[in-house]
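Below is one structure, written out as structure tokens; comments come after it.
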Amino acid sequence: MALKNSQYYAIMREYEQKQLKSRDIQNARYEEVYKKLPEFKSLDESISILSVQYGKKLLDGEARALDSLKEELEILRESKKNLLISAGFPADYLDPVYECPDCKDTGYIGNEKCHCFKRAVIRLLYEQSNIREFPTEASFDNFKLDFYSPSLYDKTTGRSARTMMVDTLKICRRFIDGFGKEFQNLFFYGDVGVGKTYLSTCIAREIMNREYSVLYFSAPRLFSMLSQSKFDRNDVDAKNMSDYTFGCDLLIIDDLGSEYTNAFIASQFFTCINERLIHRKSTIISTNLSLDSIADLYTERSFSRITSNYAMLKIIGDDIRIKKKIEHREERK
């Protein structure tokens, strides 16, 4: 995935600030040493003069000038090192101070992005995703199948809540593993509290850790932002966020149906999912609504786009939030 120019430049500005900070620290340390050790400054000046003198000799064609320069510079540098140590300073006290010694705060090792650059990308993606508001424990490592009963059955299919979730997790894993190579979309539907938002968050974190851009919206916030972008042409932030909504690698629309729905909202919803389908940008939608209600509220056209292009994943079970509260009470006893 390629970062947008604005994202890339934001990260590179951070590296520029790190380099400036490193130079400020180094300059302050030089001033400290010069103040305490005037002879150290004299040695530095001698090195500068010596370099100029031998540079002229090299230009005049004196072949041995470079070897002589190296020998004299080595003597002066050793004198500086001994002087620093004798004054109680570490031998490397005047070396540049980098947050990342591997890339020297440039973000690159040769032509390859440094590991710290990749961490910066992931951090930026998290900041822009709206996902930070969710608990950090929302991950597949903490996902508990025990919340899904093997003895609770779906009336339509006759399958248990546990079996359905096992299959759903397999599909989610395929979605994650194939992201960026296969175009896929997910649609979670089921009663309140069965883990739809939690599952979406788990997927989002996995995708962002692979350096893809993810944007999370509750349905009311999404449609509010799209409305603002459409009706207030002067709202640059809303316009930028609207563009990002259509262009991010993964869009998550959570709790569809919790917003006030009218013809305009239905139209915006169709535009959003249709544009992302055209440009092959993945989307995850979760809702407490039944499939019949989706068709009634958002038109048959939107419903057709979803059923034709999304993996339809029904989740059944008891309200997990209530189960967790009961567990916490029992733990306190």
Task: Contacts under 8 angstrom Cβ, first residue in region 167-184 being within 16 Å of Ile315 (Cβ to Cβ) and in contact (Cβ under 8 Å) with a residue 24 or more places away in the chain, partner part of a helix (DSSP H, G or I) and open to solvent by less than 20 Å² (accessible area, probe 1.4 Å), 6 or more apart - done: Thr168/Leu199; Cys172/Leu199; Cys172/Cys202; Cys172/Ile203; Phe175/Ile203
Task: Sole exception among (1) farther than 23 Å from Gln128 by Cβ; (2) open to solvent by less than 10 Å² (accessible area, probe 1.4 Å); (3) assigned to a helix (DSSP H, G or I) for Ile176, by number - done: (1)
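Against the condition without any contact (Cβ under 8 Å) to a residue 12 or more places away in the chain and buried (at least 16 other Cβ atoms within 10 Å of the Cβ), how does Ala295 come out, does it pass?
Considered against the rule, which asks whether it is without any contact (Cβ under 8 Å) to a residue 12 or more places away in the chain and buried (at least 16 other Cβ atoms within 10 Å of the Cβ), Ala295 comes out as yes.
Residues checked against (1) of a type in the set (Phe, Trp, Tyr); (2) modelled with pLDDT of 95 or more; (3) not in a helix (DSSP H, G or I):
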{"position": "Arg132", "(1), (2), (3)": "no, no, no"}
{"position": "Ser149", "(1), (2), (3)": "no, no, yes"}
{"position": "Val166", "(1), (2), (3)": "no, yes, no"}
{"position": "Leu169", "(1), (2), (3)": "no, yes, no"}
{"position": "Cys202", "(1), (2), (3)": "no, no, no"}
{"position": "Ile207", "(1), (2), (3)": "no, no, no"}
{"position": "Glu211", "(1), (2), (3)": "no, no, yes"}
{"position": "Phe217", "(1), (2), (3)": "yes, no, yes"}
TODO: Answer yes or no: is there a residue in region 114-134 that is over 21 Å from the mean Cα position of the chain (by Cα) and open to solvent by less than 40 Å² (accessible area, probe 1.4 Å).
DONE: no
Task: Subset of region 305-314 (residues that are open to solvent by 50 Å² or more (accessible area, probe 1.4 Å) and among the hydroxyl-bearing types (Ser, Thr, Tyr)) - done: Thr307, Ser308
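Residues are listed down the side, and each one gets a yes or a no for (1) buried (at least 17 other Cβ atoms within 10 Å of the Cβ); (2) not in a helix (DSSP H, G or I):
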position: Ile252; (1), (2): yes, yes
position: Asp255; (1), (2): yes, yes
position: Ser258; (1), (2): no, yes
position: Glu275; (1), (2): no, no
position: Ile285; (1), (2): yes, yes
TODO: State whether one or more residues within region 199-220 are open to solvent by less than 10 Å² (accessible area, probe 1.4 Å), of a type in the set (S, T, N, Q) and over 18 Å from the mean Cα position of the chain (by Cα).
DONE: no
Open item on the list: Any residue in region 79-108 that is at positive phi sitting within a Cβ distance under 6 Å of a residue that is not in a helix (DSSP H, G or I)? List the pairs, counting only those 6 or more apart or interchain.
Closed with: Lys104/Tyr98; Asp105/Tyr98; Asp105/Glu99; Gly107/Cys114
Task: Counted residues, region 67-96 - those being closer than 24 Å to Tyr15 by Cβ and open to solvent by 50 Å² or more (accessible area, probe 1.4 Å) - done: 3
- [ ] Take the residues in region 260-273 that are among the β-branched types (Val, Ile, Thr) and assigned to a helix (DSSP H, G or I), then tell me which one is surrounded by the most Cβ atoms within 10 Å (Cβ to Cβ).
- [x] Ile273
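The values are calculated or read from the model by the stated rules, or taken from the named source; none is laboratory data. Everything quoted here is computed from the prediction, not taken from an experiment. FYI the Cβ positions are ideal-geometry reconstructions off the backbone, even for glycines, and counts take in every protein chain you see. Surface areas here come from the heavy atoms of the whole protein model, side chains and all, with no ligands, DNA or RNA. Shrake-Rupley method; radii C 1.70, N 1.55, O 1.52, S 1.80 Å.
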